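Chemist: This is the structure, below, for whatever I ask next.
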Amino acid sequence: MENRKKGITYILLSSLFFALMAATVKYLGDMPTAEKIFFRNLVGIFVAFSLVKKSGSSLTGNNKKLLILRSIFGVLGIAAYFYALANIKLSDAVILNKMSPFFVMVFAALFLKEKITKKQLIALVTAALGAILVIRPGFDSNIIPALIALMSSLFAGIAYTIVRQLRKTDSAATVVFYFSLFSTLAMIPFLLSGSFIIPTAIQAAALLALGLFAAAAQLFMTNAYRHAEAGELSIYTYANIVFSSILGLLLFQEIPDLFSVLGAVLIISAGYLNYRAKEREAAEKAAKLKLKKEKQKSTI
C-alpha cells in the first residue's frame with residue numbers, strides 16, 4: 001500500500017512538471033521550435049546518462065534500429081506538440097496530446113497483435129469524440145495548430161508502441177538516453193541553418209527551466225513506475241490536463257471554453273474506461289495463473 005501511495009505521488013508530481021514544461025514552452029512563444037527541443041533534451045542527456053549508469057544498463061543499446069525509430073517519432077511528436085503550445089490554448093494542446101494512449105491501443109493491435117476489448121473500444125470512441133469537441137472542425141485559423149496537436153499524440157503513440165516492443169531488449173533508462181541524445185543532436189543542423197536566436201537573460205533562464213522541468217518530470221515518472229504498476233498509474237497522468245488548465249488561467253489568462261471542457265471530460269473518462277479495462281484484464285490473468293498453479297500442485 002505504501003509503495004502504491006508513493007507511485008501515485010510521483011506520477012502526480014511528474015504530471016505537474018510536464019505541465020510546467022508545457023507552460024514554459026508557451027511562455028517562450030515564437031522562439032524557434034528546434035531551439036526549444038534542443039534545450040529541453042540537453043539537460044535530459046545528463047539525467048538519462050546517470051540513470052543508465054545507476055541501473056547498469058547499456059548506453060549503446062541492443063535493438064538499435066527500434067531505438068532510432070522510437071527517437072525519430074519521439075522528436076516528431078515533441079516538435080508538433082511545441083508548435084501547438086505556441087499557437088493554441090495551453091489546455092487545448094495538452095488535452096489533444098493526451099490522446100496518445102488511444103493511438104497506442106490502435107497501433108499495438110495492428111502491429112503487436114494486442115487485442116482491443118469491448119470496453120477499450122468504447123474508450124477509443126469516447127476519446128475521439130472528446131478530441132473532435134476540442135478541435136471543433138471549421139474554417140478558422142485555430143484548426144491547423146489543433147490538428148498538429150493531435151498529430152503530436154499520433155507520433156507519441158507510435159513512439160510508445162515501439163517502446164512496448166523495446167522492453168523485451170532494452171531498459172527504460174537506455175531508451176530515454178537514446179531519445180535525449182538523438183533529439184539533441186538532431187536539432188544542431190536546424191540551429192546552424194538559422195533556427196536559433198540569441199536568448200535574452202530571461203529567455204535563457206526559461207530555456208534552462210524547460211530542460212529542468214522535463215528532466216524532473218522524467219525522473220518522477222521513472223520513480224513512479226518503480227513503486228506501482230504502469231496500468232495502475234495511467235489514470236493519474238491525466239492530472240496533467242488539470243494542472244495545465246490552472247497554469248493557462250493563471251499565467252496566460254486563458255479560460256477553456258465549454259467545448260474544451262466537455263472534450264477534456266470525455267478524454268479523461270475514456271482514460272478511466274481504458275484503465276478499468278486493463279485492470280480487469282490483469283485480474284483475469286492473475287486468476288488464471290493462480291488456477292494453473294493450483295492444478296499443478298494437485299497433480300504433484
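Chemist: Please work out how much length the chain gains when fully extended from Ala109 to Ala283, using 0.36 nm per residue of separation minus the C-alpha to C-alpha distance, in nm with one decimal.
Modeler: 60.6 nm
Chemist: Using Cβ counts within 10 Å as a stand-in for footprinting exposure, how do Asp257, Asp30, Asp92 rank, fewest first? It would help to have the intermediate numbers written out before the result.
Modeler: Details: Asp257 15, Asp30 8, Asp92 30.
The most exposed by this proxy come first: Asp30, Asp257, Asp92.
Chemist: Mind jotting down the distance between the C-alpha centroids of the stretch 1-43 and the stretch 191-250, whole Å?
Modeler: Centre-to-centre (Cα) distance: 1 Å.
Chemist: Can you list residues whose amide H is under 5 Å from Glu254's amide H, if they're 5+ apart or on another chain and H is modeled 1.01 Å from N?
Modeler: Leu249
Chemist: Could I ask something else about it? Compute the Cα gyration tensor for the stretch 61-135, then decide on rounded, prolate or oblate, letting a ≥ b ≥ c be the square roots of its eigenvalues: rounded whenever a/c is under 1.5, prolate when a/b is larger than b/c in the other cases, and oblate in all that remain.
Modeler: On the way: a/c = 3.86, a/b = 1.08, b/c = 3.57.
Verdict is oblate for the stretch 61-135.
Chemist: While we're looking at this one, here's another question. Give, as a single signed number, the net charge of other residues whose beta carbon lies under 15 Å from the beta carbon of Ala19, with Lys and Arg counted +1 and Asp and Glu -1.
Modeler: That works out to +2.
Chemist: Something else now. Please work out the ratio of the alpha-carbon Rg of the stretch 74-186 to 2.2 N^0.38 Å and round it to two decimals.
Modeler: Working: Rg = 15.2 Å, N = 113, 2.2 N^0.38 = 13.3 Å.
Against the compact-globule rule of thumb, the ratio is 1.15.
Chemist: Follow-up. Where Lys and Arg each count +1 and Asp and Glu each count -1, what net charge lies around Thr117 among other residues with Cβ under 15 Å from its Cβ? Spell out each step's value before the answer.
Modeler: Working: positive: Lys113, Lys115, Lys118, Lys119, Arg276, Lys278, Arg280, Lys285; negative: Glu114, Glu279, Glu281, Glu284.
Surrounding charge for Thr117 is +4.
Chemist: Additional query: Quick one: what do you get for the chain if you divide its Cα Rg by 2.2 N^0.38 Å? Provide the component values of the computation, followed by the final result.
Modeler: On the way: Rg = 19.9 Å, N = 300, 2.2 N^0.38 = 19.2 Å.
Rounded to two decimals, the normalised Rg is 1.03.
Chemist: Name the most mobile residue of Gly29, Gly74, Gly271, meaning the one with the largest mean-square fluctuation, in a Gaussian network model of the chain with Cα contacts below 10 Å.
Modeler: Its mean-square fluctuation being the largest, the pick is Gly29.
Chemist: Rounded to the nearest 500, what is the 222 nm mean residue ellipticity of the chain from helices alone, with -39500 (n - 2.57) per DSSP H run of 4+ residues and division by all residues? Don't jump to the answer; show the numbers that get you there.
Modeler: On the way: 12 runs with 243 residues, N = 300.
So the helix-based figure for the chain works out to -28000 deg cm²/dmol.
Chemist: Quick one: Karplus J couplings for the stretch 110-116, per residue in order, coefficients 6.51, -1.76, 1.60, θ = phi - 60°, nearest Hz, x for Gly and Pro?
Modeler: Going residue by residue, I get 6, 9, 9, 6, 7, 7, 9 Hz, with x marking Gly and Pro.
Chemist: Let me ask another. Which of Leu289, Leu147, Leu273 moves the most in a Gaussian network model of the chain with Cα springs under 10 Å?
Modeler: Leu289
Every number here is computed from the coordinates shown, using simple stated rules; none is lab data. Bear in mind the structure is a predicted one, so any value in this text is a computation, not a measurement. Cβ coordinates were reconstructed from backbone atoms using ideal geometry, including for glycine residues, and neighbour counts include every protein chain displayed.
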